[in-house]
Amino acid sequence: MRISIITPSFNQGNYIQRTVESVLNQKGNFELEYMVIDGGSADRTLSVLKQYEGRLQWISEKDRGQAHAVNKGFEKDTGDIIGWINSDDRYEEGTFEKVCNVFRGNPDCRWLIGRCRIIDERDREFRKMITRYKDRQLGRYTYDRLLTEDFVSQPAVFFRGSFLREVGPLDENLQFALDYDLWLRMGAKTDPVIIPDLLASFRYHNLSKTKSQLDRSLAEVRQLCHFYGRGRRDILFRGWLYRMKIRIGYKMLHLLETSQDPIFTL
C-alpha cells in the first residue's frame with residue numbers, strides 16, 4: 001500500500017524540519033511518497049528541504065495560496081491513501097502504520113479520522129479542553145453535526161485516492177475553511193471510519209491563520225453551513241450557536257493564557 005503525504009509550505013522555516021521528520025521517520029509496511037509544495041519561501045525553508053534530497057519531492061514557486069498548493073500535490077500524487085499536513089504541524093509516531101492497517105482491514109472505508117492534540121511553538125501540549133471537546137464531538141459523529149460545526153482536525157484525516165478523485169480537489173476560493181469544505185463533500189457521500197488513536201499534533205502559534213483571522217475563518221464556516229445546510233433552519237441555527245460559542249471560547253482562552261495568575265495555566 002502506498003501512502004502519499006503533501007505538505008503545503010510558505011515561510012515556516014522555524015517548524016518545517018519537525019514536520020518533515022515526523023513524516024520521514026514513520027515506519028511500517030507501506031510505501032511512502034512525500035511531496036512538499038512550497039510557495040516561494042524567502043526564509044530558511046529551502047535550506048531545510050535540501051537536506052532531504054532523495055527522500056522527498058519538493059518544488060518552490062509562487063502559488064495562489066494554501067488550497068492551490070495542496071491541489072498541486074493532489075495532481076501529482078500516486079498513493080492509494082492520501083493525507084496532507086501543514087508545514088508547522090506534525091504526525092505522531094506510528095501513524096501511517098495504523099492508518100494503513102485500518103484501510104487494509106476495511107475495504108469499504110473511504111476516509112478516516114483520528115485524534116489530534118494542540119501544541120505550542122515548543123512542542124508542548126496545551127488547550128487540552130479544546131482537544132477533549134473535539135474528541136467528544138468526533139465520538140458522536142453524524143453528518144448533521146458536521147454541518148453545524150467543524151470538529152475534525154485536518155492533519156488527522158486520511159482518504160483513498162480514488163475517493164478524492166470522486167469528490168474533487170480543494171476549493172481554491174476558500175482561504176480558511178478549505179478542509180472543512182472537503183469534509184462536508186466527503187461526508188455527504190459516506191461516513192468516515194473514526195479511530196481513537198492520536199495521529200497528529202496541530203501547532204497553534206502567533207502566525208496561525210485561525211488565531212490571527214478568526215472572524216474571517218468563521219465567516220467561511222458560516223458560508224459553508226448555509227450552502228450545504230440548504231436552508232434547513234435547525235442546521236442554520238445550530239451553526240450560528242457554534243460560531244458564537246467559538247468566539248466567546250477563544251476570547252476566554254486568550255484571557256486565561258495571558259493571565260499572570262498560575263491558577264489559570266492550561
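Derivation of every value follows stated rules applied to the coordinates shown; laboratory data play no part. These numbers were taken from a predicted model, which means no experiment stands behind them. As a convention, Cβ positions derive from the backbone with ideal geometry for all residues, glycine included, and neighbour counts pool all protein chains shown.
A few points about this structure:
- Nearest-20 debye value, the range 2-264 charge dipole, Cβ charges on Lys, Arg, Asp, Glu: 820 debye
- Residue pairs exceeding 18 angstrom between C-alpha atoms, taken from LYS134/LYS245; LYS72/LYS98; LYS72/LYS134: LYS72/LYS98; LYS72/LYS134.
- Derived scalar couplings between HN and Hα for the range 116-122 equal 9, 9, 10, 10, 9, 4, 9 Hz in order, rounded to whole Hz, by the Karplus curve 6.51 cos²θ - 1.76 cosθ + 1.60 (θ = phi - 60°), x for Gly and Pro.
- Tail weight of P(r) past 20 Å, computed on alpha-carbon pairs of the range 13-88, percent: 28 percent
- Segments 31-40, 79-88, 140-149 sorted - mean Cβ within 10 Å per residue, highest first: 79-88, 31-40, 140-149
- The 3J(HN,Hα) values that the Karplus relation (6.51, -1.76, 1.60; θ = phi - 60°) gives for the range 97-102 are, in residue order, 5, 4, 5, 5, 5, 5 Hz. Gly and Pro appear as x.
- Rounded to whole numbers, the Karplus 3J(HN,Hα) couplings from phi for the range 176-189 are 10, 9, 4, 6, 4, 4, 5, 4, 5, 5, 5, x, 5, 8 Hz, using 6.51 cos²θ - 1.76 cosθ + 1.60 with θ = phi - 60°, and x at Gly and Pro.
- Share antiparallel - DSSP beta bridges, the chain, percent rounded to 5: 25 percent
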